[in-house]
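The next block holds one structure in the form of structure tokens; read it before the comments.
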Amino acid sequence: MSKPALLPLHQALRRSFQSVEMNQKVWSGVLADCSPLMESLGNLAEQSRALSNVQLSNTPLRVFPDLKDRLRFKLLRATDTVLGQLNDKMCSLQSVRESISNQVAAVFQLYEQHRDSLDLPAVTECSATVPSLSDMLEWLQDAERHYRQQRKTLLQTLRADDLSLLESAPKRWKSLECPSAEDSVTDTLYKVSFFTAAQ
Amino acid sequence: MTSLRLLSVDPSDRGSQRCRLGPGLMSALGLGLGSPVLVSVPGGSCLCTAWPRPDLAEGFLQMDLKCSSAGLISHPPACLTLDPGQLTPVPCPRLKGVKITVVVRSVDFKKHTSPRLVHELVKDMLKGLCVHTEHVINLGDFDTDIKYVVIESTKMESGSAGLITSKTSVEIADIQTVRHYRGQLQGQRTVPLGGLEEVSASLKEMLQLPLLYPNTLSSLGLSCPRGVLLMGPPGVGKTVLVRKVVGEVGASLVVIRGPEVVGSRPGESEEKLRAVFERARSAAEEGPCVLFLDELDSLCPRRTSLSAPENRLVAQLLTLMDGMNRSDRFLIVGATNRPDSLDPALRRPGRFDREVIIGAPTLLQRKDILSVLCARMPVCPSVDLAELARNTTGYVGADLSALCREAAMNGSGGQEVAMKYFQEALKLVRPSCLRSSLGRTELSPVLWEQIGGLDDVKLKLQQSIEWPMRYPEAFVRLGLSRPRGVLLYGPPGCAKTTLVKAAAASSHCAFLSVSGADLYSPYVGDSEKALAQVLALQSATTPANVCVIH
């Protein structure tokens, strides 16, 4: 009785899971690119710290004029470049996020339209190859929530004058990584693999 | 319909705003997947989206407290059995706009982050959530510096719940830190205090003036009082009073209990003290703050010998109090029950400018205290609180609450507490002022009728002891002052002591008995000290007391 309503929903779900799968690859690729950049950011912060601690007049380098300012300028420019690159990466992460959010929102909207024709036994019914509608919607929501975590905040709260913040940035970036959540998205994709394959 | 057992939330659901129900209950309530539902529990309510449990079992409820009323944040519900009627489906239309208060983790974040960025972050994190007015959104799962968002109001015609979409406009009314916010939450749950209205009002005024109108005072060229010292016998409610007043004024409270600060290593105590002052200073940047030094006498004893380590601690406290700038908007409140043992340098103006003495409660105050204490007890209507207050001379607030507890325990559970239980409790609970002190005697009550003859002496004693307490208004009307002392003299065995016992029993007042032998001591000054102690005790438990020296 609920077949006609289920069919378009299943198709939409299939599309969303495929897009999640695709986006997951993009996401992990971008994140892999980011970690060396974060490392070099921390490195630059460490260099700046060293520069501010050293007394250049006590070293043989004192013969070079304005060395400290020049070095600082160089470091700042390098930091800027790295931050710019990171910003580009953030933009691509943001686009991944948006595409997943849009897909999920579309599926939920479709469900709302058909809600009256789908009673609870129908949405919780599952078979060996097709998980229940409620499970799949839930997984999609979980995946969307996972991709919404705030990596951008970390970058936006960095300030050039607070070196300790810059220095700890790579560590904090690592702590944001949550392998279990990433794995749960992968698990979800395995769980629906028969469903997505059955066109 | 069967009741629901509330279980703790599944880790994978944390931060998802879901509540897990059995599918049968969901269809009975007419809920679809992800439909918003308001769950009311004791202490507040929680807005969730309904999802069927993965195992489809009925009779259980798990909810994520993403959006719940403020009370549930600090006291999450646990081990509850809910009725299905406590779940109500609510419509959640798309919101046009919300006004929020953002609660962030640290002062640093608040200071260094631009409002535009906070706005952007908060808007992003709130997207897709169902919110309810006056609820708190817990954003802890995003792992950022923004911890909570309090929904102040929503732009809506009807209902109080709504869905935040990307088109909802978000207006940030205020940014607070978590510490400040929690302090405010605690302030909302104050206990009523009986009999301390006068002191509480004066203390509140003292706190409010400099904290709320700092500019007015500085333009008048006044330096506002920065320290208040509360003195009084133990159990009169000094600590409770400070907590209550601070909560009512809406200030944040930093507490030091004397012994907590003292460390074993040299210099450690001073360091801790400085850290506490620093904490108060940073709390004061956000709003009014009160630094409360409980048991001040242990922190700041009178400096005696030259090299005692406490001397440095006292000196540190003095310098810290002197070092407070006028711009530091925080106030120091100290409480002690032994003002004499404080270092005199603390009590000069500029440090603790004002001293508030909270004495043992008077008759009216005791009645107030009892009525507050009995308000939450199932008390038999025949209980006469005025009579009870008359019989509890010298009892402080803590004694009275012990008395009520004892009476409630005497009365078998579940029944109303009758007057006779209070009478029994009166025998067990004695005023704590008089506990284990010199001169305290047990006495078997002696009635006037048990003493034969001596009618004129009895009348004299009644006139001088009982009447001033029974009919104080008559004494005032006639312009009489009450007699200060009575001297009984006569040969041994003519019932002098028995007469005094009868007077004490009939007037229901504390009876201190000191014999000359008790006071005598071979050391110079020791006897005088003991006598002074007894008289100080007597004045602490006035207006009704009989003190006999024989």
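The values are calculated or read from the model by the stated rules, or taken from the named source; none is laboratory data. None of the values given here were measured: they were computed from a predicted structure. We place every Cβ from the backbone using ideal geometry, glycine too, and count neighbours over all the protein chains shown. To get the accessible areas, we keep the full protein, side chains included, count just its heavy atoms, and leave off ligands, DNA and RNA. Shrake-Rupley method; radii C 1.70, N 1.55, O 1.52, S 1.80 Å.
Amide H to amide H under 5 Å from B:A418: which residues, 5+ apart in sequence or cross-chain, H placed 1.01 Å off N in plane?
The list, which skips near neighbours in sequence, is B:C380.
Hey, what did the stretch B:363-428 get for relative contact order, percent, Cα under 8 Å, at least 6 apart?
This gives 38 percent for the stretch B:363-428.
Ignoring ligands, DNA and RNA, please state the percent of accessible area on the stretch B:4-89 from carbon and sulfur, probe 1.4 Å.
Looking at the stretch B:4-89 in its full context, I get 58 percent from C and S.
On a 26 Å Cα-Cα criterion, which of the cross-link pairs B:K244/B:K367; A:K74/B:K110; B:K127/B:K147; A:K89/B:K127 come out too long?
Beyond 26 Å between Cα atoms: A:K74/B:K110.
Quick one: buried accessible area between B and A, total over both chains, 1.4 angstrom probe, nearest 100 Å²?
It comes to approximately 2200 Å² buried between B and A.
What shape does the stretch B:37-77 have by the C-alpha gyration tensor, where a ≥ b ≥ c are the square roots of the eigenvalues, rounded means a/c under 1.5, and otherwise prolate means a/b greater than b/c and oblate the rest? Walk me through the numbers before you get to the answer.
Working: a/c = 2.51, a/b = 2.12, b/c = 1.19.
Note, shape of the stretch B:37-77 comes out prolate.
Zone of B:L29 (label point 7 Å along Cα→Cβ, backbone N under 13 Å): which residues in the stretch B:51-67?
Under cut-off, by backbone N: B:51-53, B:59-64.
Looking only at A:Q18, A:Q156, A:Q85, which one moves most when chain A is put into a Gaussian network model with springs between Cα atoms under 10 Å?
Per the Cα network of chain A with a 10 Å cutoff, A:Q156 tops the list.
Please compute the contact order of chain B in relative form: average sequence separation of alpha-carbon pairs under 8 Å and at least six residues apart, divided by the residue count, as a percent. Display every interim value, and only then the final one.
Numbers: 925 pairs, mean separation 55.6, N = 550.
Over chain B, the number comes to 10 percent.
If you add up the charges near B:Y148, with Lys and Arg at +1 and Asp and Glu at -1, over every other residue whose beta carbon is less than 11 angstrom from its beta carbon, what do you get?
On the way: positive: B:K66, B:R105, B:K147, B:R182; negative: none.
Net local charge, B:Y148 excluded: +4.
So what's the back-of-envelope 222 nm ellipticity for the protein assembly as shown, counting only DSSP H runs of four-plus at -39500 (n - 2.57) apiece and dividing by all residues, rounded to 500?
Result for the protein assembly as shown: -15000 deg cm²/dmol, rounded to the nearest 500.
What distance in nm separates the two pseudo spin-label positions at B:S40 and B:S153, each 7 Å out from Cα along the beta-carbon direction?
A separation of 2.4 nm, rounded to one decimal place.
List every residue whose amide H lies under 5 Å from the amide H of B:Q176, counting only residues 5 or more places away in sequence or on a different chain, with H placed 1.01 Å from N in the peptide plane.
Amide H neighbours of B:Q176: B:V102, B:V103, B:V104.
Using the Karplus curve 6.51 cos²θ - 1.76 cosθ + 1.60 with θ = phi - 60°, work out ³J(HN,Hα) for each residue of the stretch A:116-130 in order, rounded to whole Hz, and write x for Gly and Pro.
5, 8, 10, 8, 5, x, 5, 7, 9, 6, 9, 10, 4, 9, 10
With viscosity set to 1.002 mPa s and temperature to 20 °C, compute the Stokes-Einstein D of the protein assembly as shown, Rh being the Kirkwood radius across alpha carbon pairs; µm²/s, no decimals.
Stokes-Einstein gives a translational diffusion coefficient of 66 µm²/s.
Could you tell me which of rounded, prolate or oblate describes the stretch B:244-303, using a ≥ b ≥ c as the square roots of the eigenvalues of the alpha-carbon gyration tensor, with rounded for a/c under 1.5 and, failing that, prolate when a/b is larger than b/c and oblate otherwise?
It is oblate, given that a/c is not under 1.5 and a/b is not larger than b/c.
Over the stretch A:2-197, with a single point scatterer placed on each C-alpha, what log10 of the ratio I(q)/I(0) does the Debye formula yield at q = 0.12, 0.15 1/Å?
With one equal scatterer per Cα and no solvent, log10 I(q)/I(0) is -0.70, -0.91.
Based on the Cβ-Cβ distance of B:T165 and B:K427, what FRET efficiency does E = 1/(1 + (r/R0)^6) give at R0 = 56 Å, to the nearest 0.05?
0.25
Order the following by accessible area, largest value first: B:C92, A:C34. Probe radius 1.4 Å; ligands, DNA and RNA are ignored.
B:C92, A:C34
From the phi angles alone, apply the Karplus equation (6.51, -1.76, 1.60; θ = phi - 60°) to the stretch B:258-264 and give each ³J(HN,Hα) in whole Hz, x where the residue is Gly or Pro.
With coefficients 6.51, -1.76 and 1.60, one gets x, x, 5, 7, 6, x, 8 Hz.
Once the Cβ-Cβ distance between A:A78 and A:S193 is put in as r, and R0 is 51 Å, what FRET efficiency do you end up with, to the nearest 0.05?
Here the calculated transfer efficiency is 0.70.
Quick one: if you stick a label point 7 Å off each Cα along the C-beta vector at A:T186 and A:R62, how many nm between them?
5.8 nm
Tell me, what ³J(HN,Hα) does each residue in the stretch B:393-400 have, in order and in whole Hz, if you take phi through Karplus 6.51 cos²θ - 1.76 cosθ + 1.60 with θ = phi - 60° and put x for Gly and Pro?
Karplus-based 3J(HN,Hα) across the stretch B:393-400 equals 4, x, 7, 9, x, 5, 5, 5 Hz.
Would you tell me the accessible area of B:S282, worked out with a 1.4 angstrom probe on the heavy atoms of the protein chains, in Å² to the nearest 10?
40 Å²
So how much accessible area does B:E387 have, in Å² to the nearest 10, using a 1.4 Å probe?
60 Å²
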